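The values are calculated or read from the model by the stated rules, or taken from the named source; none is laboratory data. All figures in this text were calculated on a predicted structure; none of them were measured in a lab. Note that each Cβ is placed from the backbone with ideal geometry, even for glycine, and that neighbours are counted across all protein chains shown. SASA here: full protein model, heavy atoms, side chains in, ligands and nucleic acids out. Shrake-Rupley method; radii C 1.70, N 1.55, O 1.52, S 1.80 Å.
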Amino acid sequence: MRIPVRGLAALSACTIALGAAAAEPSAVTVGRVRYAFPTGPSASVAAIRYRMPEDWPCVDVCRYQGLLTRVEIGLEGARVDVGWARAYGRVRPGGAWLREAYLGYAVSGAFLRTFSGAPGDVAERTWVGAEASFTITRVNFTFGVMARVAGEPGGDRYRLTGGLGWGF
């Protein structure tokens, strides 16, 4: 396929202009407390790495979309998630915490380690899987599926996960 030189120059100019219009990648921090199966009561902190155009008129509710990384610790397990998220909310001017998450969703891969005595587990086990998360006016719902990859034999090979919490 032959591309005219003028067309290539125009495409290059558009690409440069779009790259210049976007701000450097930034991150917003989010928190969540929830009761989840199988981690029990837990708390997490996450970061959404996003890129917002410089001319974005974000004065009230803003959209934060991009790579999500989360660390969560509960009474009966701990986990690390990596995925993609989109959240609409407010951050104080000059702040880094998404304090008011009005609407959001995320899809992530998760690595979960249950502690001895977790619901449905009598031993420590390691699970890997995927989870979806939805937040509506700060109330968070999660559900997912995990596969056991390590730990003592016995018990279920797959497990459904879920939770209800506050935050994103």
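Side notes on the structure shown:
- Protection proxy ranking, peptides 152-161, 80-89, average beta carbon neighbours within 10 Å, highest first: 80-89, 152-161
- On a per residue basis, segment 70-168 carries 53 Å² of accessible surface, using protein heavy atoms and a 1.4 Å probe.
- Overall form of segment 69-168 per C-alpha gyration tensor (a/c, 1.5; a/b vs b/c): prolate
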